[in-house]
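**Student:** Quick one: the structure is below, questions incoming.
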Amino acid sequence: MGGMWTKQVQEWHDEHRHFGELLERLQKEVDLFATGERPDYSLMLEILTYLRDFCDQVHHRREDEAFACLARRLPELQLPLARLQQEHRVIANAGETLRGMLAAILDGAAAPRTDVEAAAATYLVYYRTHIAHEERDILDRAQATLTAEDWEAVRRAVPRSR
């Protein structure tokens, strides 16, 4: 559909774009595994920590509320939306696995490079695919369907203290 997005949908898209840039930065570090170089583990950990904290505390709370509103108004979206929420949990889980590995390495533990590489690749693929699905399937539907009351509920999903 495209066209002009409301402020809320534009912000949603901008957050996705920002996440995409961070995932790209993470990818550059993961690419060093392929060339046998040592990635910047502390930078990787910083990116993951930011994504976890911002996504869990802010982004996904808003999305969960938007999804709930959408599912009420478009029942045929219930399953695809439930899958996206499942992906939020899977991404969080994959992120925590990778964070644990990176934190251990920074504490001096020896972690097999192949394990870190696999965990990072899983996280990146899952996250990018997830964002692409939301951009392709959900944002325009939200734009076309959600009411001012729905957007107010989305806004209230995140406490103002952030």
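**Student:** Stokes-Einstein at 20 °C, 1.002 mPa s, Kirkwood radius from Cα pairs: D for the range 94-162 in µm² s⁻¹? It would help to have the intermediate numbers written out before the result.
**Tutor:** Values: Rh = 15.2 Å.
Estimated diffusion coefficient is 141 µm²/s.
**Student:** So with the 1.4 Å probe, I'd like the accessible area per residue for the range 1-91, rounded to whole Å². Mind showing how you got there, number by number?
**Tutor:** Working: 5000 Å² over 91 residues.
Spelled out: the 1.4 Å probe surface of the range 1-91, per residue, equals 55 Å².
**Student:** Given a 1.4 Å probe and heavy atoms of the protein chains only, how would you sort Met101, Met4, largest accessible area at the top?
**Tutor:** Met4, Met101
**Student:** Lys/Arg Cβ at +1, Asp/Glu Cβ at -1, dipole of the chain taken about the Cα centre: which of Leu98, Pro159, His133 is farthest positive-ward?
**Tutor:** Sorting the options by dipole projection puts first Pro159.
**Student:** Take the Cα atoms of the range 1-157, find their three principal axes, and give me the spread along each one in whole Å, biggest first.
**Tutor:** That gives 52, 25, 25 Å along the principal axes, largest extent first.
**Student:** So, with a 1.4 angstrom probe, what is the percent of accessible area on the chain that is carbon and sulfur?
**Tutor:** On the way: 4660 of 8840 Å².
Here carbon and sulfur together make up 53 percent of the probe-accessible area.
**Student:** Taking a ≥ b ≥ c as the square roots of the eigenvalues of the Cα gyration tensor of the range 5-67, is the shape rounded (a/c under 1.5), prolate (a/b larger than b/c) or oblate? If you can, show how the numbers build up before the last one.
**Tutor:** Numbers: a/c = 3.87, a/b = 2.27, b/c = 1.70.
Because a/c hits 1.5 or more and a/b exceeds b/c, the range 5-67 counts as prolate.
**Student:** Could I ask something else about it? Output the relative contact order of the chain, whole-number percent, from Cα pairs under 8 angstrom with separation of 6+ residues. It would help to have the intermediate numbers written out before the result.
**Tutor:** Details: 100 pairs, mean separation 60.1, N = 162.
With pairs under 8 Å counted, the relative contact order is 37 percent.
**Student:** Moving on to the next point. Could you calculate the FRET efficiency of Ala110 with Ala132 from 1/(1 + (r/R0)^6), where r is the beta carbon distance between them and R0 is 25 Å, rounded to 0.05? Numbers along the way, then the final one.
**Tutor:** Working: r = 35 Å, r/R0 = 1.41.
With R0 = 25 Å, the Cβ-Cβ based efficiency is 0.10.
The values are calculated or read from the model by the stated rules, or taken from the named source; none is laboratory data. Being a predicted model, the structure only gives us computed values, none of them experimental. All Cβ positions, even for glycine, are placed from backbone atoms using ideal geometry, and neighbour counts span all protein chains on display. Accessible surface areas use protein heavy atoms only, side chains included; no ligands, DNA or RNA. Shrake-Rupley method; radii C 1.70, N 1.55, O 1.52, S 1.80 Å.
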